[in-house]
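The values are calculated or read from the model by the stated rules, or taken from the named source; none is laboratory data. Predicted model, so just to flag it, every value in this text is computed and none were measured. Neighbour counts are summed over all protein chains in view; Cβ atoms, including those assigned to glycine, are modelled from backbone coordinates with ideal geometry. Protein only, heavy atoms only, side chains kept; ligands, DNA and RNA dropped before computing areas. Shrake-Rupley method; radii C 1.70, N 1.55, O 1.52, S 1.80 Å.
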Number of protein chains: 2
Amino acid sequence: MALTFNLVNSTPAGGRRARLFLPHQTVETPVFMPVGTQGTVKAVPQDALESLGAEIILGNTYHLYLRPGHEPIRRMGGLHRFISWPRALLTDSGGFQVFSLSQLRKVTEDGVQFRSHLDGSLHSFTPEHSIHVQIALGADICMSFDECTEYPASRSRAEESLRLTMAWAHRSLAHFRAHRQDVPWFDPKVCRTQCCFGIVQGGMYADLRRQCAERLIELDFDGYAIGGLSVGEPRELTLEMISEVLPLLPKDKPRYVMGVGYPDEIEQYARLGVDMMDCVLPTRAARHALLFTSEGRLNIKNKQFAEDQNPPDPACTCPVCRRYSRAYLRHLVQAGEPLAATLNSIHNLAFYLGIMQRVRASLASAPTPISIDP
Amino acid sequence: MALTFNLVNSTPAGGRRARLFLPHQTVETPVFMPVGTQGTVKAVPQDALESLGAEIILGNTYHLYLRPGHEPIRRMGGLHRFISWPRALLTDSGGFQVFSLSQLRKVTEDGVQFRSHLDGSLHSFTPEHSIHVQIALGADICMSFDECTEYPASRSRAEESLRLTMAWAHRSLAHFRAHRQDVPWFDPKVCRTQCCFGIVQGGMYADLRRQCAERLIELDFDGYAIGGLSVGEPRELTLEMISEVLPLLPKDKPRYVMGVGYPDEIEQYARLGVDMMDCVLPTRAARHALLFTSEGRLNIKNKQFAEDQNPPDPACTCPVCRRYSRAYLRHLVQAGEPLAATLNSIHNLAFYLGIMQRVRASLASAPTPISIDP
């Protein structure tokens, strides 16, 4: 079953209002996907995510592979069932976490050897193994195993990384096509299964990015991601790489920029035609008392909020802003109370999801380029 | 306004099904009160407490006095408004936390000098000051300032503690009666304000306990608590002290045993005529991965639950048991995820509140002792 992706409207700037039909959820795009690293969006219960309107969340393959393990999750019916999340899920390939978290990483043609950040045990990920693990987890969307280029990287380093990523894309897709029916919730009657996205790498070299995109498209993935961004480069460079790649990608497939970004970034990229984004920023910032609001960023720990009875964001209608004051959130942070992380995270996610909701409304109503019938 | 406490039914064993009319909530008793030490029941959002049916929760005067301070809370309209909890609240006197948490405690006739466990700063609580702080916090029920006897304690130590507690009870009540109209939400039209409970001390000496109860009753508090229990004594002694005191207390006023207990204890005491209880156990145990269930206690961290897809308690209908498996809760604990504390706490509180709900139903339907009309 190929992925169904229906364009509702598009704008001259390239922005697209669309609908992504996944086995567990129809996702309205552009969409922001909260990150549920270890099978939980940190400090936020699943019902709160549902109330906020989250339609798809991420799980991290590296983390879930190490703990509790993909085989237990497969035996329990897959990640949806294990974490009790009936809507859509996406798993990354593990490549980025191996790159950023593991110790003694050793990259070969075959794959990556690494030591677990938890206990130092030795593991290896190949493209086949990453896909094998992702099929066991059974997200709606899995990702091709890629090699993430660090920033800054020399051209030869970026070329080598691109070469590996392409070789691994072929192997990922071959393994995926041979085994996609092994997903725990596979339904043979309707051929209901996962889909697989390719990842464009190429460092900060526009021609390498274009080359990678063109070659991946030949492989005919279900969707295309742009990876290896938000790794420390200046924001103009992020934008440049996205702008180089987007026009090359097929219009009838979803486009996903991984690991971005700040509130204004996700809005900007969505208006340029990015359909999917994910980032730990809203939840990580929340755990450090940083709130995103319509009035800018608030460090809710600041003394100025000690007796501020306004809601965190007066323009926000999330459950936190409807019920609690800045003074209370500040108190929870000051007192080291776990509720601080929960309430701050719920607000920040509401803020991110609210941005995308407004962008979707604006893209849906934007006039389409006039076409003159002959 | 005197406290209204309506008996619905009582049993030969002394158990009472009653209704406590407080300014912010009518509380069905016997009731278990979750503890919200620093203005939050640890890791549990207020709306989850409401869904569980919690009608009254505790705040700790010692903690809230130190942080954020009672004056800021008064200025913000009192604790109900500060923490956004519209139902009933009870504050303790601070006596127990000064006794158990603070450093360099020095007890004099006047009150207690102590150093904050947060920053070592010097503070003093007198009966007048404790009530002053509690009026500023503005819970529905405040508690007389008492001196908690450690366990074990010699008879002379217990006598001295009883003497102080009685002297302080007089002073607490005098201050309360003179200033009860200063509560932040005072309504002069209906004389809507707080009520104040006395605390029976006397260590583990039954005659001292009885003496304390009798003398407190003369002061005509709105309700009576039995304090200084669950301080390390064997459980038979706890029961003995409760059983000695209960028959002496006025039938038309609520009776509160402070700081108890295990699930079977709260049921036992409720059936003997205790109307109110509080304990950190359900939430503290939850944060240490201990679940109370109809099948006994589960250490959800245990490996045996790694692939157990049953709900934490198959007989429980709480939101956690309806949605999540033991395997998932175990994973959250193993992975150090904050959601573990939230979900475990919600379940344990549901278990405690469920016990009281069943006890109330059973007390309501118990045949009353037959009275033969002349």
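Which number in (1) surrounded by fewer than 21 Cβ atoms within 10 Å (Cβ to Cβ); (2) in a helix (DSSP H, G or I); (3) in contact (Cβ under 8 Å) with a residue 12 or more places away in the chain; (4) among the aliphatic types (A, V, I, L, M) marks the one condition that A:Ala178 misses?
Among (1) surrounded by fewer than 21 Cβ atoms within 10 Å (Cβ to Cβ); (2) in a helix (DSSP H, G or I); (3) in contact (Cβ under 8 Å) with a residue 12 or more places away in the chain; (4) among the aliphatic types (A, V, I, L, M), the lone unmet condition for A:Ala178 is (3).
Would you point out the residue of the stretch A:103-146, among those that are assigned to a loop (DSSP other than H, G, I, E, B) and open to solvent by less than 10 Å² (accessible area, probe 1.4 Å), that is farthest from A:Arg171 (Cα to Cα)? Spell out the reasoning first.
Taking the stretch A:103-146 as the starting set, the residues that turn out to be assigned to a loop (DSSP other than H, G, I, E, B) are A:108-111, A:116-121, A:126, A:138-140, A:144-146.
Checking the rest, the ones that are also open to solvent by less than 10 Å² (accessible area, probe 1.4 Å) come to A:111, A:116, A:138-140, A:144-145.
Details: A:Gly111: 11, A:Ser116: 24, A:Gly138: 19, A:Ala139: 19, A:Asp140: 20, A:Ser144: 9, A:Phe145: 9 Å.
Here the answer is A:Ser116.
Which numbered condition in (1) more than 14 Å from chain B (Cβ to nearest Cβ); (2) within 23 Å of the chain's Cα centre (by Cα); (3) among the polar types (S, T, N, Q) is the only one that A:Ser154 fails?
(2)
Would you mention how many residues in the stretch A:294-308 are open to solvent by 10 Å² or more (accessible area, probe 1.4 Å) and either touching a His at 6+ places or on another chain (Cβ under 8 Å) or part of a loop (DSSP other than H, G, I, E, B) (or both)?
Result for the stretch A:294-308: 7.
May I ask you to say which residue of A:Ala315, A:Ala350, A:Ala335 is modelled with pLDDT of 95 or more, under 26 Å from the mean Cα position of the chain (by Cα) and not basic (Lys, Arg)? Show your work before the answer.
Numbers: A:Ala315 fails: under 26 Å from the mean Cα position of the chain (by Cα); A:Ala335 fails: under 26 Å from the mean Cα position of the chain (by Cα).
A:Ala350 is the lone residue from the list that is modelled with pLDDT of 95 or more, under 26 Å from the mean Cα position of the chain (by Cα) and not basic (Lys, Arg).
Looking for something within 14 Å of chain A (Cβ to nearest Cβ), touching a strand residue (DSSP E or B) at 6+ places or on another chain (Cβ under 7 Å) and of a type in the set (Phe, Trp, Tyr) - is there at least one such residue anywhere in the stretch B:76-99?
yes
Residue by residue, here is whether (1) modelled with pLDDT of 95 or more; (2) crowded, with 22+ Cβ neighbours inside 10 Å; (3) not basic (Lys, Arg) holds:
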position	(1), (2), (3)
B:Lys189	no, no, no
B:Gln194	yes, yes, yes
B:Val200	yes, yes, yes
B:Gln211	yes, no, yes
B:Gly227	yes, yes, yes
B:Val231	no, no, yes
B:Pro234	yes, no, yes
B:Met241	yes, yes, yes
B:Pro247	yes, no, yes
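Collect the residues in the stretch A:314-345 that are touching a strand residue (DSSP E or B) at 6+ places or on another chain (Cβ under 8 Å) and facing another protein chain (nearest Cβ under 7 Å), keeping them in residue-number order.
none
Just wondering, is there one or more residues in the stretch B:87-100 that are open to solvent by 60 Å² or more (accessible area, probe 1.4 Å), more than 21 Å from B:Trp168 (Cα to Cα) and out of contact with any helix residue (DSSP H, G or I) (no Cβ under 8 Å at 6 or more places or on another chain)?
No.
Looking at A:Pro311, A:Pro367 in this structure, which one is more than 9 Å from every other protein chain (Cβ to nearest Cβ), assigned to a loop (DSSP other than H, G, I, E, B) and either in contact with a helix residue (DSSP H, G or I) (Cβ under 9 Å, 6 or more places away or on another chain) or under 17 Å from A:Leu52 (Cα atoms) (or both)?
Values: A:Pro367 fails: either in contact with a helix residue (DSSP H, G or I) (Cβ under 9 Å, 6 or more places away or on another chain) or under 17 Å from A:Leu52 (Cα atoms) (or both).
After applying the criteria, what remains is A:Pro311.
May I ask you to list the residues in the stretch B:252-278 that are out of contact with any strand residue (DSSP E or B) (no Cβ under 7 Å at 6 or more places or on another chain) and not small (Gly, Ala, Ser)?
Listed by number, the residues that qualify are B:Tyr262, B:Asp264, B:Glu265, B:Glu267, B:Gln268, B:Arg271, B:Leu272.
Checking A:Tyr62 against (1) more than 27 Å from A:Val333 (Cα to Cα); (2) assigned to a loop (DSSP other than H, G, I, E, B), which single condition isn't satisfied?
Among (1) more than 27 Å from A:Val333 (Cα to Cα); (2) assigned to a loop (DSSP other than H, G, I, E, B), the lone unmet condition for A:Tyr62 is (2).
Can you confirm whether the stretch A:57-69 contains a residue that is touching a residue at least 60 places away in the same chain (Cβ under 8 Å), out of contact with any helix residue (DSSP H, G or I) (no Cβ under 6 Å at 6 or more places or on another chain), away from chain B (no Cβ under 14 Å) and under 23 Å from A:Val190 (Cβ atoms)?
no
State whether the residues of the stretch A:10-32 include one that is touching a Pro at 6+ places or on another chain (Cβ under 8 Å), within 14 Å of chain B (Cβ to nearest Cβ) and not charged (D, E, K, R).
Within the stretch A:10-32 (the criterion being touching a Pro at 6+ places or on another chain (Cβ under 8 Å), within 14 Å of chain B (Cβ to nearest Cβ) and not charged (D, E, K, R)), the answer is no, since none of the residues qualifies.
Restricting to the stretch B:65-110, name every residue that is at positive phi and polar (S, T, N, Q). Spell out how you get there, then give the answer.
Taking the stretch B:65-110 as the starting set, the residues that turn out to be at positive phi are B:69, B:77-78, B:84, B:94, B:104.
The answer is B:Ser84, and nothing else.
Which strands (runs of 3 or more DSSP E) does the stretch B:16-59 wholly contain that include 2 or more residues that are open to solvent by 30 Å² or more (accessible area, probe 1.4 Å)?
Numbers: elements: B:16-22, B:25-29, B:31-33, B:56-59.
Correct list: B:16-22, B:25-29.
In the stretch B:60-78, which residues are surrounded by 24 or more Cβ atoms within 10 Å (Cβ to Cβ), more than 25 Å from A:Arg287 (Cβ to Cβ) and not aromatic (Phe, Trp, Tyr)? Full working, then the answer.
Just the residues of the stretch B:60-78 that are surrounded by 24 or more Cβ atoms within 10 Å (Cβ to Cβ), to begin with: B:61-62, B:64-65, B:73.
Filter again for more than 25 Å from A:Arg287 (Cβ to Cβ), leaving B:61-62, B:65, B:73.
Listed by number, the residues that qualify are B:Thr61, B:Ile73.
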